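Trainee: Input: one structure, supplied below.
Nothing in this text is a laboratory measurement; each read-out follows from the coordinates by a stated rule. Worth saying up front: this structure is predicted, and the values here are computed from it rather than measured. Methodologically, a virtual Cβ is constructed for each residue, glycine included, from the backbone with ideal geometry; neighbour enumeration extends over all protein chains shown.
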Amino acid sequence: GENVEQHPSTLSVQEGDSAVIKCTYSDSASNYFPWYKQELGKGPQLIIDIRSNVGEKKDQRIAVTLNKTAKHFSLHITETQPEDSAVYFCAASIRISNTGKLIFGQGTTLQVKP
Amino acid sequence: KAGVTQTPRYLIKTRGQQVTLSCSPISGHRSVSWYQQTPGQGLQFLFEYFSETQRNKGNFPGRFSGRQFSNSRSEMNVSTLELGDSALYLCASSLTHGQGGNEKLFFGSGTQLSVL
């Protein structure tokens with residue numbers, strides 16, 4: 001069935017360290033993988049996304065890698081700052097007949113200690 | 001450009017009542033998706049509307065319904081509320097030139113529904 005698993009559920013790092021969040025997906029037809037950041041009291045905000053024809057994408061301190069063979073993708077945040085503290089969600093596109101939808105992971109609560 | 005607007009921000013209802021939530025997408029966006037967010041279940045897909053038609057539906061009972069208007073604004077309705085319906089309901093819009101599911105979603109801040 002359609003499923004996206006995300007690990008870890010909580011992550012605590014020291015300011016300046018790197019943080020890595022990993023997700024696996026089940027649908028081999030998935031071709032779009034966004035990452036969202038949700039701060040307290042706000043809706044999820046798209047921070048980076050990657051499509052299946054690309055193995056890696058970077059945007060300043062954040063990067064996403066995709067391994068289609070293993071069906072997993074990861075979010076990497078370098079030089080973490082306290083404002084990076086939030087809940088992060090991965091998602092994967094799921095094909096249903098001639099339409100599609102996004103399925104989300106369970107979320108990772110990242111705490112960056114100053 | 002204004003973002004996705006959801007109203008109301010907070011709602012308190014009692015069991016058995018019904019509720020209607022509203023979502024105004026980003027100007028020019030034609031697709032609206034609804035998600036239920038709870039601490040235990042994460043973000044669960046409810047349904048998606050495109051050009052006033054429900055294009056996709058999640059695994060929720062028939063008490064959950066929605067509609068989209070010609071201006072792309074959307075409403076979702078929950079009838080016969082249950083305690084377990086307490087959640088943050090998020091609306092997201094996208095341009096959707098394609099068939100859905102593989103385009104950037106832009107979320108609103110959500111409506112926090114509490115069922116007593």
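Trainee: For region B:4-57, state which trypsin sites (Lys or Arg not before Pro) are in a DSSP loop and have at most 14 other beta carbons lying within 10 Å of their beta carbon.
Mentor: Here the trypsin sites (Lys or Arg not before Pro) that fit, given the DSSP loop and packing criteria, are B:Arg9, B:Arg15.
Trainee: For the protein assembly as shown, give the magnitude of the charge dipole about the Cα centre (Cβ charges: +1 Lys/Arg, -1 Asp/Glu; no others), in debye to the nearest 20.
Mentor: Roughly 520 debye, rounded to the nearest 20.
Trainee: Starting from the Cα of B:Gln18, move 7 Å in the Cα-to-Cβ direction to define the label point; list residues of region B:76-93 whose amide nitrogen is under 19 Å from there.
Mentor: Once the point is set 7 Å along Cα→Cβ of B:Gln18, B:76-86 turn out to lie under 19 Å by backbone N, inside region B:76-93.
Trainee: Filter the cross-link list A:Lys22/B:Lys57; A:Lys22/A:Lys57; A:Lys22/A:Lys113 down to pairs whose alpha-carbon distance in this structure exceeds 25 Å.
Mentor: Listed pairs above 25 Å: A:Lys22/B:Lys57.
Trainee: Sequence neighbours fewer than 8 away in the same chain don't count; with that in mind, list the aspartates and glutamates whose C-alpha is under 14 Å from A:Lys37.
Mentor: A:Asp49, A:Glu83, A:Asp84
Trainee: Still on this structure, I have one more. Could I have the simple spin-label model distance between A:Glu5 and B:Ala2, label points 7 Å from Cα toward Cβ, reported in nm to one decimal?
Mentor: Roughly 4.4 nm, to one decimal.
Trainee: Averaged over A:102-114, how many beta carbons belonging to a partner chain fall within 10 Å of each residue's beta carbon?
Mentor: Per-residue shielding by partner chains comes out at 3.
Trainee: Counting only DSSP beta bridges with both residues in region B:1-68, what percent are antiparallel, rounded to the nearest 5?
Mentor: Within region B:1-68, antiparallel bridges account for around 100 percent of the total.
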